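The values are calculated or read from the model by the stated rules, or taken from the named source; none is laboratory data. As the structure is a computational prediction, the values presented were derived from the model and not from experiment. All Cβ positions, glycine included, derive from the backbone under ideal geometry; neighbour counts span all protein chains shown. Just the protein is used for accessible areas: all its heavy atoms, side chains included, with ligands, DNA and RNA removed. Shrake-Rupley method; radii C 1.70, N 1.55, O 1.52, S 1.80 Å.
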Amino acid sequence: MLSESVFCLLTEDLLIRVLEKLGPDRKPWRLVCKEFLRVESSTRKKIRILRIEFLLGLLEKFCNIETLDLSMCPRIEDGAVSVVLSQGSASWTRGLRRLVLSRATGLGHVGLEMLIRACPMLEGVDVSHCWGYGDREAAALSCAARLRELNMDKCLGVTDIGLAKIAVGCGKLERLSLKWCLEISDLGIDLLCKKCLDLKFLDVSYLKVTSESLRSIASLLKLEVFVMVGCSLVDDVGLRFLEKGCPLLKAIDVSRCDCVSSSGLISVISGHGGLEQLDAGYCLSELSAPLVKCLENLKQLRIIRIDGVRVSDFILQTIGTNCKSLVELGLSKCVGVTNKGIVQLVSGCGYLKILDLTCCRFISDAAISTIADSCPDLVCLKLESCDMVTENCLYQLGLNCSLLKELDLTDCSGVDDIALRYLSRCSELVRLKLGLCTNISDIGLAHIACNCPKMTELDLYRCVRIGDDGLAALTSGCKGLTNLNLSYCNRITDRGLEYISHLGELSDLELRGLSNITSIGIKAVAISCKRLADLDLKHCEKIDDSGFWALAFYSQNLRQINMSYCIVSDMVLCMLMGNLKRLQDAKLVCLSKVSVKGLEVALRACCGRIKKVKLQRSLRFSLSSEMLETMHARGCKIRWD
């Protein structure tokens with residue numbers, strides 16, 4: 001009572017400032033203080049619905065929201081939308097500016113149109129990965145006349161007709177993503193470019209468009225970012241159209257465009273001196289000297305990604321000489337990267353913050369040490385499969401790169417406990433990948449745990465010397481972990497899982513192939529890790545019904561589970577699949593104690609909610625064809641292993 005009376009004396013402005021300092025999880029404060037509840041109800045601008053049954057109540061409580069995220073509610077359908085809009089005041093619709101419906105495949109064109117028409121101020125909509133969406137849904141979206149941003153990635157049924165309706169109805173569009181909309185052709189893109197003249201961002205990746213589309217796109221005078229990854233029918237002729245078009249172009253991505261050559265890129269570069277970002281991964285056999293020479297004219301160039309291209313020491317030296325403002329460079333799987341080339345590169349690119357050297361196998365400590373000395377602002381370094389890396393260069397990284405947040409050392413066999421001790425000086429580390437580093441043990445992991453408290457993602461895949469003691473140190477020092485991969489770390493037992501259960505923020509946990517964990521450990525995780533959304537238990541053969549029973553009742557936020565090759569009965573599998581209301585993806589291969597009838601019952605229990613299932617190929621003709629057809633009709637993709 002005293003605390004509540006004190007807060008009653010504060011003005012609303014002061015209460016808002018206090019609320020902003022409380023972090024993302026404000027629910028406990030709302031529950032104990034009416035003033036905080038009142039203030040957040042009136043000031044909260046964004047809400048993400050986790051369970052559809054709470055939608056109406058939450059919208060009535062937070063009526064001033066500007067962003068509504070329903071991406072975690074794949075079960076939402078037209079009827080639910082009708083109920084939400086007809087009951088209550090629906091005052092929340094008046095100020096809504098952004099609607100996120102990614103993967104909400106249950107919502108059809110009728111419900112979508114009702115939502116769009118009810119929100120007159122709507123400026124942004126995301127319907128990405130609604131793979132069943134077609135022209136009728138596109139027509140519904142065209143009702144949003146104020147729309148400025150639209151993401152339609154992987155809306156597989158949308159054709160030129162649907163795109164035309166959007167182009168006519170949404171003439172104010174500034175950002176549009178059509179990635180994987182495979183039915184859209186040059187005709188649709190041409191009409192889009194004639195009607196939506198304000199476009200600043202356009203993504204046509206993997207569309208079957210030709211260079212004729214680029215002729216149309218070149219007419220967009222305000223376009224700043226153009227992405228065309230995997231457009232295999234576009235060639236240098238198309239890029240030459242861009243040379244004299246799109247005067248404000250700042251970024252272009254032609255990755256995986258098989259018919260594009262250095263000549264086409266030179267055309268784009270020569271016509272756009274203000275280019276800031278160039279992505280050309282896996283589309284050139286090698287980086288030619290004339291192309292690199294052209295980069296000299298791009299005084300504002302900050303990002304280059306040329307993954308998979310053949311380079312030389314001379315080319316890297318030229319980049320270092322001509323591109324001194326670079327902050328990001330991608331050389332993943334580039335052939336010809338050597339120590340000498342990297343040393344010459346970073347001597348001129350001292351402002352680098354992100355450097356990707358994945359699979360550059362000839363890189364050794366000498367190059368990495370030079371990077372550490374020359375690039376003190378480095379925040380992300382990827383060295384996967386650079387197996388000549390040892391503790392010597394990690395000493396330099398720990399000494400000079402205090403801002404480092406992400407480091408990938410996957411399959412770097414030279415990394416050991418001493419290396420992790422040196423690396424632990426990078427106290428800002430957030431993401432660390434150590435998969436297949438078989439020489440690290442609990443001792444090295446303890447160094448990281450003690451000195452890197454901000455760690456949120458850690459990959460220890462097949463680090464076979466990691467055991468329970470390492471997890472004890474890790475969960476004590478890195479309490480904010482959200483992603484943890486412990487697959488095939490066979491020294492881990494139920495005691496280790498008991499330590500993991502103390503990680504309240506954990507959402508993704510991979511325990512594949514852990515032969516010494518049982519249902520006791522899984523139960524501890526299920527009870528305590530309430531945010532757990534993705535769980536991999538493949539080949540965890542000592543987990544029985546009691547473990548899966550615990551998951552069914554305590555892990556209500558699970559969206560993905562892999563329980564292939566596990567020991568579970570018909571009854572418990574049915575209970576699990578029925579109880580997990582948010583489950584969208586389940587891998588159920590080789591469940592030896594589950595009968596065909598039991599599997600059918602389990603699948604029927606989640607039919608209409610689940611979106612992906614992986615099953616044993618031999619069951620394809622044993623399961624009811626009627627049941628399989630029903631699942632497909634309700635938007636579930638079945639993969640056969």
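Inclusion of Ser270 among residues that are closer than 25 Å to Tyr206 by Cβ, open to solvent by 10 Å² or more (accessible area, probe 1.4 Å) and among the polar types (S, T, N, Q) is not warranted. Looking only at the stretch 313-338, residues that are under 22 Å from Asp365 (Cβ atoms) and open to solvent by 40 Å² or more (accessible area, probe 1.4 Å) come to 5 in all. Residues in the stretch 569-582 that are free of Cβ contacts under 8 Å to residues at least 60 places away in the same chain and out of contact with any Leu (no Cβ under 6 Å at 6 or more places or on another chain): Ser569, Asp570, Met571, Val572, Leu573, Cys574, Met575, Leu576, Met577, Gly578, Asn579.
Listed by position, the helices (runs of 4 or more DSSP H) contained in the stretch 1-109 that have at least 2 residues being surrounded by fewer than 19 Cβ atoms within 10 Å (Cβ to Cβ) and modelled with pLDDT of 85 or more are 55-61, 78-86. Considering only residues that are touching a Ser or Thr at 6+ places or on another chain (Cβ under 9 Å) and of a type outside the set (Val, Ile, Thr), which ones fall in the stretch 165-186? Lys165, Ala167, Gly169, Cys170, Ser177, Leu178, Lys179, Trp180, Cys181, Glu183, Ser185, Asp186 - these are the residues of the stretch 165-186 that are touching a Ser or Thr at 6+ places or on another chain (Cβ under 9 Å) and of a type outside the set (Val, Ile, Thr).
Just checking, does the stretch 444-457 include any residue being closer than 20 Å to Glu391 by Cβ, surrounded by fewer than 18 Cβ atoms within 10 Å (Cβ to Cβ) and touching a Gly at 6+ places or on another chain (Cβ under 6 Å)? Yes, the stretch 444-457 contains a residue that is closer than 20 Å to Glu391 by Cβ, surrounded by fewer than 18 Cβ atoms within 10 Å (Cβ to Cβ) and touching a Gly at 6+ places or on another chain (Cβ under 6 Å).
Please determine whether any residue of the stretch 593-602 is touching a Leu at 6+ places or on another chain (Cβ under 8 Å), modelled with pLDDT of 95 or more and either under 17 Å from Trp131 (Cα atoms) or not in a helix (DSSP H, G or I) (or both). Yes - at least one qualifying residue is present in the stretch 593-602. The residue that is surrounded by the fewest Cβ atoms within 10 Å (Cβ to Cβ), counting only those in the stretch 575-610 that are within 21 Å of Ile543 (Cα to Cα) and of a type in the set (S, T, N, Q), is Ser592. Among the numbered conditions (1) under 22 Å from Leu173 (Cβ atoms); (2) open to solvent by 70 Å² or more (accessible area, probe 1.4 Å); (3) in contact with a Phe, Trp or Tyr (Cβ under 6 Å, 6 or more places away or on another chain), the only one that Glu212 does not meet is (3). Whenever a residue of the stretch 596-612 is more than 13 Å from Ser624 (Cβ to Cβ), its partners that are in a loop (DSSP other than H, G, I, E, B) and of a type in the set (D, E, K, R), lying with C-beta atoms within less than 6 angstrom and at least six residues away or across chains, give the pairs Gly608/Arg634; Arg609/Arg75. For Thr438, the stated conditions do not hold, so it cannot be described as in contact with a strand residue (DSSP E or B) (Cβ under 9 Å, 6 or more places away or on another chain) and assigned to a loop (DSSP other than H, G, I, E, B).
Restricting attention to the stretch 237-261, the residues that are among the charged types (D, E, K, R), farther than 17 Å from Lys179 by Cβ and assigned to a loop (DSSP other than H, G, I, E, B) add up to 3. Number of residues in the stretch 299-345 that are of a type in the set (A, V, I, L, M, F, W, C) and out of contact with any strand residue (DSSP E or B) (no Cβ under 8 Å at 6 or more places or on another chain): the value is 6.
With respect to Met577, is the statement that it is within 23 Å of Ser71 (Cβ to Cβ) and either over 25 Å from the mean Cα position of the chain (by Cα) or in a helix (DSSP H, G or I) (or both) true?
yes
From the list Lys200, Lys172, the lone residue that is surrounded by fewer than 20 Cβ atoms within 10 Å (Cβ to Cβ), within 27 Å of the chain's Cα centre (by Cα) and either under 14 Å from Gly134 (Cα atoms) or at pLDDT 95 or above (or both) is Lys200. Can you say whether Asp198 is part of a loop (DSSP other than H, G, I, E, B), out of contact with any Ser or Thr (no Cβ under 8 Å at 6 or more places or on another chain) and of a type in the set (D, E, K, R), as far as the supplied structure shows? Yes: the conditions hold for Asp198.
Within the group Gly435, Gly398, which residue is surrounded by 18 or more Cβ atoms within 10 Å (Cβ to Cβ) and more than 26 Å from Asp508 (Cβ to Cβ)?
Just a single option satisfies the conditions, and that option is Gly398.
Does Ser205 satisfy the condition of being under 21 Å from Cys246 (Cβ atoms), assigned to a loop (DSSP other than H, G, I, E, B) and either in contact with a His (Cβ under 7 Å, 6 or more places away or on another chain) or open to solvent by 40 Å² or more (accessible area, probe 1.4 Å) (or both)? Judged against the criteria, Ser205 is not a match.
All told, Ser476 meets the bar of being of a type in the set (S, T, N, Q), more than 23 Å from Pro74 (Cβ to Cβ), surrounded by fewer than 21 Cβ atoms within 10 Å (Cβ to Cβ) and at pLDDT 95 or above. Output the number of residues of the stretch 489-514 satisfying the condition of being of a type outside the set (Lys, Arg) and either in a strand (DSSP E or B) or open to solvent by 20 Å² or more (accessible area, probe 1.4 Å) (or both). Total satisfying the criteria: 12. A count restricted to the stretch 121-146 and to residues that are part of a loop (DSSP other than H, G, I, E, B) and either modelled with pLDDT under 95 or touching a Gly at 6+ places or on another chain (Cβ under 7 Å) (or both) stands at 9.
With respect to Ile440, is the statement that it is surrounded by fewer than 19 Cβ atoms within 10 Å (Cβ to Cβ), within 22 Å of Gly467 (Cα to Cα) and without any contact (Cβ under 8 Å) to a residue 60 or more places away in the chain true? Spelling it out, it is not the case that Ile440 is surrounded by fewer than 19 Cβ atoms within 10 Å (Cβ to Cβ), within 22 Å of Gly467 (Cα to Cα) and without any contact (Cβ under 8 Å) to a residue 60 or more places away in the chain. On the stretch given as the stretch 515-554, residues that are part of a helix (DSSP H, G or I) and not polar (S, T, N, Q) total 17. For the stretch 288-296, the condition of being among the basic types (Lys, Arg) and under 20 Å from Leu265 (Cα atoms) holds for at least one residue. Note on the stretch 339-367: among residues that are part of a helix (DSSP H, G or I) and open to solvent by 10 Å² or more (accessible area, probe 1.4 Å), the one that is farthest from Cys393 (Cα to Cα) is Gly348.
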